[in-house]
Amino acid sequence: MNKPTFSLCVYCGSRPGNSPEFAALAREVGSWIGRHGGQLVYGGGHNGLMGILADAALAAGARVIGVIPKALVEKEWAHTGCTELHVVENMHERKRIMAEHADAFLALPGGIGTLEEFFEVWTWRQLGYHDKPVGLLNLGGFYDSLLTFLNSAVSSGFMNEWQMGLIRTGSDAELLMAELVQAAGTALPTVRLDQI
């Protein structure tokens, strides 16, 4: 297998959601990564959007790195078909390893775990632990209310516009992924992930 041209870390739901659009999006993202010679880094689960995403990436020829804590191996049905499956001690180690293996990050629709991972990697960028691009894929307005809230945090003085500028948002999966991969090529070297 050739060396991947990029490595995209994707956060998404361990449930499929109520609409077939969510599953279709996960398949589209996984397939795009494979078709473009990339590598998927994700949470290592086989359930919900996570499993759909990984299966689509593998089917399209992508390398897939899954990272999952021991405690979640059974709960999330660890995806044993990954190119590499890392079983780690805890969630903190999981997220650090995922970040180390990624050139960029993308959040698809998901629940509290997806949001926690997205916010943490965004916070790490704000604090200078990495300079890798971070994206939020807003399928059908799924994240509209979140973005409204974040902008209200800016207008209320708890955030600045430059912090909002650290994330890219969009509803077109292919366009947003292409932007993230292109931006990853100009990111500064990561030097501080070992300090988190």
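Each row is one residue, and each column tells you yes or no for (1) of a type outside the set (Val, Ile, Thr); (2) in contact with a Lys or Arg (Cβ under 9 Å, 6 or more places away or on another chain); (3) touching a residue at least 12 places away in the same chain (Cβ under 8 Å); (4) closer than 21 Å to Asn138 by Cα.
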{"site": "His86", "(1), (2), (3), (4)": "yes, yes, yes, no"}
{"site": "Met91", "(1), (2), (3), (4)": "yes, no, yes, no"}
{"site": "Ile97", "(1), (2), (3), (4)": "no, no, yes, no"}
{"site": "Glu100", "(1), (2), (3), (4)": "yes, no, yes, no"}
{"site": "Ala104", "(1), (2), (3), (4)": "yes, yes, yes, yes"}
{"site": "Ala107", "(1), (2), (3), (4)": "yes, no, yes, yes"}
{"site": "Gly113", "(1), (2), (3), (4)": "yes, no, yes, yes"}
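Run down Leu146, Leu180, Leu150, Leu175 and say which single residue is touching a Pro at 6+ places or on another chain (Cβ under 8 Å), assigned to a helix (DSSP H, G or I), among the hydrophobic types (A, V, I, L, M, F, W, C) and modelled with pLDDT of 95 or more.
Selected residue: Leu180, the only one of Leu146, Leu180, Leu150, Leu175 that is touching a Pro at 6+ places or on another chain (Cβ under 8 Å), assigned to a helix (DSSP H, G or I), among the hydrophobic types (A, V, I, L, M, F, W, C) and modelled with pLDDT of 95 or more.
Report yes if Arg27 is among the basic types (Lys, Arg), exposed (fewer than 15 other Cβ atoms within 10 Å of the Cβ) and either at pLDDT 95 or above or more than 29 Å from Gly185 (Cβ to Cβ) (or both), otherwise no.
no
When both residues are 6+ apart or on different chains and their Cβ atoms are under 8 Å apart, which pairs have a first residue that lies in region 60-83 and is more than 21 Å from Asn2 (Cα to Cα), and a second that is surrounded by fewer than 21 Cβ atoms within 10 Å (Cβ to Cβ) and of a type in the set (Ser, Thr, Tyr)?
Short answer, once both residue conditions are applied: Glu76/Ser14.
Out of the residues in region 57-77 that are open to solvent by 20 Å² or more (accessible area, probe 1.4 Å) and among the aliphatic types (A, V, I, L, M), state the one that is modelled with the lowest pLDDT.
Filtering first and then ranking leaves Val73.
Name the residue that is most open to solvent (accessible area, probe 1.4 Å), counting only residues in region 78-115 that are of a type in the set (Val, Ile, Thr) and within 17 Å of Leu8 (Cβ to Cβ).
The extreme case among them is Thr83.
Is it fair to say Leu49 is within 17 Å of Pro133 (Cβ to Cβ), at pLDDT 95 or above and open to solvent by less than 10 Å² (accessible area, probe 1.4 Å)?
Taking the combined requirement at face value, the residue does not satisfy it.
Take the conditions in a loop (DSSP other than H, G, I, E, B), among the β-branched types (Val, Ile, Thr) and either at pLDDT 95 or above or within 20 Å of the chain's Cα centre (by Cα) (or both) and apply them to Thr186. Does it pass?
Answer is yes for this residue.
Would you confirm whether or not region 129-137 contains a residue that is in contact (Cβ under 8 Å) with a residue 24 or more places away in the chain and either exposed (fewer than 11 other Cβ atoms within 10 Å of the Cβ) or of a type in the set (Phe, Trp, Tyr) (or both)?
yes
The values are calculated or read from the model by the stated rules, or taken from the named source; none is laboratory data. Everything quoted here is computed from the prediction, not taken from an experiment. Using ideal geometry, Cβ is built from the backbone for each residue, glycine included, and neighbour counts are taken over all protein chains shown. The protein model used for the area step is the full one, side chains on, heavy atoms only, and it has no ligands, DNA or RNA in it. Shrake-Rupley method; radii C 1.70, N 1.55, O 1.52, S 1.80 Å.
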